[in-house]
Every structure is written in structure tokens, then in C-alpha cells.
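The numbers here are math on the coordinates, done by the rules we state, and not lab data. The structure presented is a predicted model; accordingly, all values stated were derived computationally and were not measured.
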Amino acid sequence: MNETPTNPASDEKLMLAFAQGSPEALTELFRRYQQPIHGFFRRRVTDPARAEELMQETFLALLRAANRYEPRALFRTYLYAIALKILRAQRRKAIFRAAFFGRPEAASGPAKQDGTETSVWVRRAIAQLEATDREILLLREFEQLSYAEIADLLHLPINTVRSRLFRARAALRQLLEAPVPQHASEKIFPVGASS
């Protein structure tokens with residue numbers, strides 16, 4: 001691997017090197033993708049610890065699949081495909097637990113994080129989008145995947161990705177242009193009310 005600071009190895013070359021037994025290559029891929037994959041899960045599950053576990057499961061699955069890796073697509077598309085499969089499996093398990101054990105479905109929607117009132121409002125608006133539209137929007141805007149990568153990942157025609165992304169953005173814009181809900185304290189103590 002001829003990796004220099006001015007010419008770093010591509011993700012695909014690193015994955016091939018790891019498949020041939022280079023632990024340094026996996027370390028570099030983990031360094032490059034730990035935060036993006038953690039963010040992918042953090043935006044989709046409510047529990048930060050669960051997001052961390054799912055990120056680790058993704059890299060464990062990558063480790064197990066190394067000898068089967070073929071660079072047919074970009075490495076990051078391959079890695080996000082693994083993450084998406086793990087997320088879907090986690091959601092199926094949560095639905096099963098809710099139905100079988102009567103527990104509420106945990107971590108099935110976008111993450112609820114601490115933050116400003118505006119960011120909570122935006123997260124709630126994103127949560128109202130249709131599931132596939134929401135996923136396309138998150139993959140494009142947060143994970144910065146190309147239309148082709150999203151199409152490969154979700155097994156959709158590229159024009160479907162484009163049109164659904166347009167639809168998701170329009171729906172989100174409409175949701176965000178709606179009047180801002182009053183803060184709970186404003187409802188209790190209206191402006192101008194005496195204490």
C-alpha cells in the first residue's frame with residue numbers, strides 16, 4: 001500500500017488490503033468511518049448507547065464479510081448497506097418485542113436528542129415524512145451519499161431517488177413553514193399575563 005499524506009489509499013484499496021490480512025487497513029477504515037456510521041445510527045435511534053452498539057455491530061459485520069468483499073461499488077456504499085441491514089434487523093426485533101412482550105417499540109424512529117427547540121422541531125418534522133422519503137433525505141443530506149449510491153443502497157432506480165428526494169424536501173419545507181408551535185411555558189403563562 002503506497003499511502004502518503006498527499007496520496008492516501010482509497011477506501012476500496014484499504015478494504016482489499018484488510019481482506020488480505022492487513023489490520024492497519026481496518027484501523028484506517030474504522031478511523032475514517034467511525035463517526036459517520038455512528039451519526040447514521042444516532043439520527044435513527046433514540047438511545048445513544050444503542051447507536052454505539054449498532055455502529056460496533058456494523059464494523060463487526062464488515063470484519064466477518066472481509067473475505068467476500070468485491071469492489072463493485074464504492075466502499076462507503078457497501079458499508080452503509082451493512083449499516084442499513086443492521087438497522088432494519090434492529091427495527092424488526094423491536095417490533096417483535098413490542099408485539100410479543102407488550103413492550104413499547106424502542107428506537108424505531110429518528111433520534112430524539114437534547115438540543116435547541118428549533119432542532120427538536122426539525123427532527124419532529126423529519127419524523128413525519130414517509131419512511132422511504134425520510135431515509136433518502138437523511139442519506140443525502142446527512143450521510144452525503146450521491147444519488148447513485150442511494151439508488152444502489154435502497155435498490156431503487158436513480159430517477160425514483162431524485163423524485164422522492166424532491167418530494168421529501170418539499171414536504172419538509174411545508175412542515176417547517178407551518179406556524180412554530182408555542183413553547184409549553186408560553187401556554188401556561190401567556191405573554192402579558194400577570195403572575
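Can you give the alpha-carbon Rg of the range 117-179 over 2.2 N^0.38 Å, where N counts its residues? List each step's numbers first, then the result.
Details: Rg = 11.9 Å, N = 63, 2.2 N^0.38 = 10.6 Å.
That works out to 1.12 for the range 117-179.
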Item to check | Rounded D (µm²/s) - the range 1-94, Kirkwood Rh over Cα pairs, Stokes-Einstein at 20 °C, 1.002 mPa s | outcome: 155 µm²/s
